[in-house]
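What follows is one structure encoded as structure tokens, with my remarks underneath.
The values are calculated or read from the model by the stated rules, or taken from the named source; none is laboratory data. The model shown is predicted, which means the values in this text are computed figures rather than measured ones. Glycine also receives a Cβ, built like all others from the backbone with ideal geometry; neighbour counts cover every protein chain displayed.
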Amino acid sequence: MEHDRLMLRCLQLARNGSGSAAPNPMVGALLVQGDRILAEGWHRTPGGPHAERACLEALGGEAVPADAILYVNLEPCAHHGRTPPCADLLIERGVKRLVVAHRDPFAQVNGKGLGRLRDAGVEVIEGVLADEARWINRRFITSVTAGRPYVVLKWAQSRDGFIDRPRAEPGPHRISSPQSDVLVHRWRSEEQAILVGSRTAVHDDPRLDVRHVSGRSPLRVLLDRGGTAPIDSRLFDGAHPTLVFTGKIRSGIIAEQIIIDPAEDPIAIMLDAFNQRSIRSILVEGGAELHGHFLREGLWDEARVITGSMAFGSGTPAPVMATSPCRIESCGPDRIAYFTNSTQQKQPRGSWHW
């Protein structure tokens, strides 16, 4: 169907904002007249033009043809945020027909943008490729509807199911291939924050940044209630912002610190803190105890498990998923299994971008 084909182009445009649009949703827009695309746009960064404005700016100062159709994957906003309401802009520019994938669940918009457009005489068609559109903005939607960030669990395990060898000395034990390392850095660039526990900080001394691909490094987050991460850890090097959840404030480290009472559930405290900061998504990279906590509480949305080609024989057992993967792919010599929490979300049928 023609609407589906053009909405698919909207989603392709929207994904150009992956890793840069957050905490805003990824949105694409195109203006079509007959079989011609007159203009396209997408939302690039917070505070920058929304997709609709970018599209109409690409059209220039000429009038919007009366028979043109504007396609956008998310309901145009109806409130003043960092930018004026897009619904008002469409009315001012004379857009007569709008095709939208789904409504914006954000409380200040939800239905208000489409209502304003309909009241102004704009013909609105909604529901085109809605599942696919919700999937690409699953981080934003989870954040504004569930009041917590979208949680992606990621770990690498040996062929025989261990995430680490017995420890004789610090330093990471490589499991995944260089090809998978590049993919993991792309995953990092797509999330707003990345979380590890104190054991990972002590044993691996990770940087938790984006190096193998171009993109924004996430906020580095460390759960270290006992204050065991060495003061010279690379997480405290000041190269990128670091947030530490700790039992008591430490001096001499370059990081923002939040105190967690020993009696409190650290996961709940962290998720609430992320939500208050409009952090829409977080990648949990380790270790096994931290992953297990998220899994036991059911507070996860995706899990991505990389299985390497070597066997360890013994070590720290990897978490065991209680569900079957929804997708398995190869990456060099590694196998990557993707899981979704079916109690949290609905993935669209067929192949779609991860």
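Descriptive notes on the structure:
- Answer from 221, 202 - the residue that is surrounded by fewer than 22 Cβ atoms within 10 Å (Cβ to Cβ) and in the same structural domain as residue 307 (by TED's automatic domain parsing): 202
- Test: residue 188 is of a type in the set (Lys, Arg), touching a helix residue (DSSP H, G or I) at 6+ places or on another chain (Cβ under 7 Å), surrounded by 14 or more Cβ atoms within 10 Å (Cβ to Cβ) and modelled with pLDDT of 95 or more: no
- Any hit, the range 3-21, residues being part of a strand (DSSP E or B), within 19 Å of the chain's Cα centre (by Cα), assigned by TED's automatic domain parsing to the domain that holds residue 131 and touching a residue at least 24 places away in the same chain (Cβ under 8 Å): no
- Residue 101 being within 20 Å of residue 280 (Cβ to Cβ) and buried (at least 24 other Cβ atoms within 10 Å of the Cβ): yes
- Any chance residue 153 is out of contact with any Ser or Thr (no Cβ under 7 Å at 6 or more places or on another chain), outside any strand (DSSP E or B) and either closer than 28 Å to residue 247 by Cα or not charged (D, E, K, R) (or both): no
- Scope the range 224-267; condition of a type in the set (A, V, I, L, M, F, W, C), touching a Ser or Thr at 6+ places or on another chain (Cβ under 9 Å) and surrounded by 17 or more Cβ atoms within 10 Å (Cβ to Cβ); matching residues: 229, 235, 236, 253, 255, 260
- Residue within the range 34-43 that is without any contact (Cβ under 8 Å) to a residue 24 or more places away in the chain, in a loop (DSSP other than H, G, I, E, B) and either surrounded by 20 or more Cβ atoms within 10 Å (Cβ to Cβ) or in contact with a strand residue (DSSP E or B) (Cβ under 9 Å, 6 or more places away or on another chain) (or both) present: no
Per-residue answers, yes or no, for (1) under 30 Å from residue 310 (Cβ atoms); (2) touching a strand residue (DSSP E or B) at 6+ places or on another chain (Cβ under 6 Å):
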{"position": "129", "(1), (2)": "no, yes"}
{"position": "136", "(1), (2)": "no, no"}
{"position": "146", "(1), (2)": "no, no"}
{"position": "157", "(1), (2)": "yes, yes"}
{"position": "163", "(1), (2)": "yes, yes"}
{"position": "191", "(1), (2)": "yes, yes"}
{"position": "197", "(1), (2)": "yes, yes"}
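- Taking the range 221-242 as the range and being out of contact with any Gly (no Cβ under 9 Å at 6 or more places or on another chain) and touching a residue at least 40 places away in the same chain (Cβ under 8 Å) as the test, only 221 passes.
- Here 335, 280, 296 are screened, and the one residue that is farther than 22 Å from residue 192 by Cα, crowded, with 16+ Cβ neighbours inside 10 Å and among the basic types (Lys, Arg) is 335.
- In the range 44-78, the residues that are under 22 Å from residue 4 (Cβ atoms) and surrounded by 19 or more Cβ atoms within 10 Å (Cβ to Cβ): 51, 52, 55, 68, 69, 70, 71, 72, 73, 74, 75, 76
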